[in-house]
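Following: one structure in structure tokens, then a few remarks.
The values are calculated or read from the model by the stated rules, or taken from the named source; none is laboratory data. In this text the structure is predicted, and so the values were computed from the model without any measurement. Here Cβ is always computed from backbone atoms with ideal geometry, including for glycine, and neighbour counts include all displayed protein chains.
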Amino acid sequence: MSISCVYNVDIIVYLVKTSLQFFKQSLKTLQSLNKALSRKVKGSGNWYRACRALARQHRKVARQREDWQWKLATELCTEFDTLCFETLNLESMKHLWGRTVSDHAFYQFLKILEQKCAKHSKKLVQIGQWTATTKPCSDCGYDNKELSLSDRQWICHECGSHHDRDVNAAINIKQAGLAA
């Protein structure tokens, strides 16, 4: 059985590109239901009816997201033997990307993926948040201290190889995951 790895950055890019962003899709409906609820007299029959309608829409969004995540986890577990992930600071990511991070529910997806990996006898490796994955060169190991967050591509000063920031981080996550 060959060992294949899926990288954390690849999964996040895949989630963002393929996710239907169910909350974003139903945002106008949720706003409309919320506005209708706020116009009702609290405690009245119409207020309870509006509460149930709003809760039903939120439940629909949550179930759509969870269904999509289960299907994606099944797809990944059948395709790969080993899955490597980096622990992320989701709170700071929310400051940068706002609702989008919450709409993808990365933590929930990792929990679903853990269950799927256990069921399919696959290996799920999570490396620490503070493991250096972005700055070291994946070819020679040179640590590029001048790399800033705005630098998307860089050339290693030691070996001269050209790196895309995300792909280099994904390769380093794979190496750290397989070493663990």
**Prompt:** Where residues in segment 38-68 are at pLDDT 95 or above and hydrophobic (A, V, I, L, M, F, W, C), which of them is surrounded by the fewest Cβ atoms within 10 Å (Cβ to Cβ)?
**Reply:** Val41
**Complete:** For segment 69-89 the number of residues that are surrounded by 14 or more Cβ atoms within 10 Å (Cβ to Cβ), part of a helix (DSSP H, G or I) and of a type outside the set (S, T, N, Q) is 5
**Message:** Quick test for you: out of Tyr14, Tyr7, pick the one residue that is at pLDDT below 90 and crowded, with 18+ Cβ neighbours inside 10 Å.
**Reply:** Tyr7
**Message:** Please go through segment 75-100 and give me each residue that is modelled with pLDDT under 80 and among the aliphatic types (A, V, I, L, M), ordered by number.
**Reply:** Leu88, Leu90, Met93, Leu96
**Request:** Search segment 27-49 for residues that are within 28 Å of Asp103 (Cα to Cα) and pair each with any residue that is not small (Gly, Ala, Ser) and not in a helix (DSSP H, G or I) when their beta-carbon atoms are under 8 Å apart and the residues are at least 6 apart or on different chains.
**Result:** Trp47/Lys40; Trp47/Val41
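Rundown of residues vs (1) touching a residue at least 60 places away in the same chain (Cβ under 8 Å); (2) closer than 30 Å to Asp67 by Cβ; (3) in a helix (DSSP H, G or I); (4) in contact with a Ser or Thr (Cβ under 9 Å, 6 or more places away or on another chain), yes/no style:
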site: Ile112; (1), (2), (3), (4): no, yes, yes, no
site: Lys116; (1), (2), (3), (4): no, yes, yes, yes
site: Ser121; (1), (2), (3), (4): no, yes, no, no
site: Gln126; (1), (2), (3), (4): no, yes, no, yes
site: Cys140; (1), (2), (3), (4): no, no, no, yes
site: Ser150; (1), (2), (3), (4): no, no, no, no
site: Ala170; (1), (2), (3), (4): yes, yes, yes, yes
site: Ile173; (1), (2), (3), (4): yes, yes, yes, yes
site: Ala176; (1), (2), (3), (4): yes, no, yes, yes
